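Following: one structure in structure tokens, then a few remarks.
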Amino acid sequence: MASHTSESLQSRLDFIGLDAGARAGMAQAQSLIEAHLEPALAKFYAKLADVPAVARFFDGKPQMDRAKSKQIGHWQAIATGQLDEAYMEASTKVGLRHAMIGLEPRWHIGGYGLIMETLVRGLVHDSMAAALTPEKGRFGRPTPRDAEDVLADADAMAEMLVAVLKAILLDVDIGVSAYFEKLTADAREADDAARAKIDKAVAATG
């Protein structure tokens, strides 16, 4: 089972292009990501509380706070770039949980869109603020930065953002795939049970 999980994760990483270098670049931005993680999730759960179709899945604010705490831990793991079997298992459990309680994937995907909005804006702002900070020249006077250096910083920021966005899409993929695999398995089990009942009725009648 672990080997199958590892192969499934690796095939996803290979296809989307999250190689070791990309994950290492994302890990270098871990502090930036974590700085905007709390505000992003706070905004997300505030939105959930105002949408009755989703809020009904929670027994009030305490349960939302517990879910938010778990999600912070999950996102912190993503920010490290260590997308391993433990990460795959955690993401799969999210999808299975959604299938069990009947939470449709559109809320999962839309929620990640809300979180991504705050994260991307914060990451771009902080990265550009750092890139535009003038260097100290002789006598401590600020000197304008060279255009090539600024563009190099912009390219590095773009690579970091690409890795973060790919990691978000990967997480959605794993969760939604687990959701539909659960529904498919349940439907197959229901069909088998119905078929068994029919066969039993036919045998009794015959």
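The values are calculated or read from the model by the stated rules, or taken from the named source; none is laboratory data. Here the structure is a predicted model, which means the values were calculated and not measured. Backbone-built Cβ (ideal geometry, glycine too); neighbour counts: all protein chains shown. Just the protein is used for accessible areas: all its heavy atoms, side chains included, with ligands, DNA and RNA removed. Shrake-Rupley method; radii C 1.70, N 1.55, O 1.52, S 1.80 Å.
Tabulated results
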quantity	calculated
Which numbered condition Leu119 misses (of (1) at pLDDT 90 or above; (2) touching a strand residue (DSSP E or B) at 6+ places or on another chain (Cβ under 6 Å))	(2)
In the range 55-77, the residues that are of a type in the set (Gly, Ala, Ser) and either under 17 Å from Val120 (Cβ atoms) or in a helix (DSSP H, G or I) (or both)	Ala55, Ala67, Ser69, Gly73, Ala77
Selection within the range 5-19 - hydrophobic (A, V, I, L, M, F, W, C) and open to solvent by 70 Å² or more (accessible area, probe 1.4 Å)	Phe15
Residue list for the range 39-54, restricted to those being in a helix (DSSP H, G or I), open to solvent by 70 Å² or more (accessible area, probe 1.4 Å) and either at pLDDT below 90 or closer than 18 Å to Gly113 by Cβ (or both)	Lys43, Lys47
Residue match in the range 84-91 (condition: outside any helix (DSSP H, G or I), touching a helix residue (DSSP H, G or I) at 6+ places or on another chain (Cβ under 8 Å) and either open to solvent by 20 Å² or more (accessible area, probe 1.4 Å) or over 20 Å from Ala35 (Cα atoms) (or both))	yes
One residue from Gly95, Gly81 being on the phi > 0 side of the Ramachandran plot and in contact (Cβ under 8 Å) with a residue 40 or more places away in the chain	Gly81
Contacts under 8 angstrom Cβ, first residue in the range 182-206 being more than 26 Å from Leu103 (Cβ to Cβ), partner open to solvent by less than 70 Å² (accessible area, probe 1.4 Å), 6 or more apart	none
Any chance Leu169 is surrounded by fewer than 17 Cβ atoms within 10 Å (Cβ to Cβ) and either in contact with a helix residue (DSSP H, G or I) (Cβ under 8 Å, 6 or more places away or on another chain) or part of a helix (DSSP H, G or I) (or both)	yes
